[in-house]
1. Which residues, taken from region 278-304, are touching a residue at least 60 places away in the same chain (Cβ under 8 Å) and not aliphatic (A, V, I, L, M)?
2. Take Ile210 and tell me if it is at pLDDT 85 or above, within 27 Å of Val298 (Cα to Cα) and surrounded by fewer than 15 Cβ atoms within 10 Å (Cβ to Cβ).
3. Do we have any residue at all in region 136-146 that's under 27 Å from Leu90 (Cα atoms) and either surrounded by fewer than 17 Cβ atoms within 10 Å (Cβ to Cβ) or touching a His at 6+ places or on another chain (Cβ under 9 Å) (or both)?
4. In region 227-267, what count of residues is obtained for those that are basic (Lys, Arg) and modelled with pLDDT of 70 or more?
5. Among the residues of region 268-289, which ones are closer than 25 Å to His36 by Cβ and either at pLDDT below 85 or surrounded by fewer than 19 Cβ atoms within 10 Å (Cβ to Cβ) (or both)?
6. When region 141-160 is examined, which residues are found to be under 14 Å from Ser116 (Cα atoms) and among the small types (Gly, Ala, Ser)?
7. For region 36-50: of the residues being surrounded by fewer than 19 Cβ atoms within 10 Å (Cβ to Cβ) and aliphatic (A, V, I, L, M), which is nearest to Leu259 (Cα to Cα)?
8. Look at Met28 and say whether it is free of Cβ contacts under 8 Å to residues at least 12 places away in the same chain and either surrounded by fewer than 16 Cβ atoms within 10 Å (Cβ to Cβ) or within 30 Å of Ala213 (Cβ to Cβ) (or both).
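The values are calculated or read from the model by the stated rules, or taken from the named source; none is laboratory data. Predicted, not measured: the structure shown is a model, and the values here were computed from it. Neighbour counts are summed over all protein chains in view; Cβ atoms, including those assigned to glycine, are modelled from backbone coordinates with ideal geometry.
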Amino acid sequence: MNNRTSKCTENSQLLADPDSFKLACHIMTGFAIPIHFYGMWCILFKTSSMMLSVKRLLLWTHCLGALLDLSLSYLSMPYLLFPTFSGYSLGQMNMPELQIYIEMSLAALMCTSILSIYENRYFVLFGKNENPRWNRIRMYFLTFNYILAVTFIAPNYIFCPEQTTAVKIITERLPCTPENSINNRNLFVAALDLNFTFFCLTFETFLLFIEVATFFFIVSVRLVYRGQRKMSLMSNRTHSLQKKFVMALCFQSTVPFVLIVVPIVYVLATLRLNYHNQLFTNICVLIGSSHGIVATIVMVLIHKPYRDATLDLIYCCCVRKNGKIDSRKISTNVSPVNRVMKF
């Protein structure tokens, strides 16, 4: 039986109430900004010659991840009320209609850029010389996916409901009573027909998942097959470097892809099962807004040029700090002598 006496925002669990959720978003933003700038610096100035063919895609993916992180944790701070498609925008912007479109599109663009990285590896290593048919259609394939990423959620706006009536309807659907506003931010209902929203999210999610998995499988199998060929024209060292680079890219792209897909799967599950848990919902939002931070850290750790640059910076900072300490020790040892000579 639904407990209509309690409000959706009245929750003693950490991160479940709006204030603690906003605090967590602010903390995450403070960590995200310097990490994203450092990741961009690494891509622009520390990318090795072997990675030049994918440098632009790495930068594009990194920028999309940074925008999605900052949009969720700073501009929007969406306090969502699943299993309804409603919530409050607690961030710096208060334009929920536009924010929903931007964030859903950024998430889809992020996953599509990961697909582009896998496709680029296939094209550079195999497709350019071995598959002329793919050379002719690859741009149409990528264009279709990018267009779909910015349009898949748009049909929902056709059915955007009148807000006064919609708030009354979702009040009956939720197991708690939603407040009309939080911190002067009104409750916004994006859609009442959950089946159509569920279909759009499911279609885009599984399409991208299948495409990414397909390219990952093809590139992995072809690399293994090429390594086993006795008459291979490339050296063992070149093949080993290509294999390590592809595996590093796969691991780097898998992390943000999973951190985006997991919250989306949770949303789909709540819509299908009619399940409400404010704590889990807020955690999923935080996971989605942290994917760029985690992806940047992983990128710096697994790619040798970025890792070496980071270690050099740490070493320089430590040497500079130790140099200051040593100079202070020397000055303190010399100062008594100076006093004696002056005396």
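1. Correct list: Gln278, Thr281, Asn282, Gly288, Ser289, Ser290, His291, Gly292, Thr296, His303, Lys304.
2. yes
3. Looking through region 136-146, none of the residues is under 27 Å from Leu90 (Cα atoms) and either surrounded by fewer than 17 Cβ atoms within 10 Å (Cβ to Cβ) or touching a His at 6+ places or on another chain (Cβ under 9 Å) (or both).
4. Summing the residues that are basic (Lys, Arg) and modelled with pLDDT of 70 or more in region 227-267 gives 2.
5. Within region 268-289, Ile283, Leu286, Ile287 qualify.
6. Selection gives Ala149 alone.
7. Ranking the candidates gives Met40 first.
8. Considered against the rule, which asks whether it is free of Cβ contacts under 8 Å to residues at least 12 places away in the same chain and either surrounded by fewer than 16 Cβ atoms within 10 Å (Cβ to Cβ) or within 30 Å of Ala213 (Cβ to Cβ) (or both), Met28 comes out as no.
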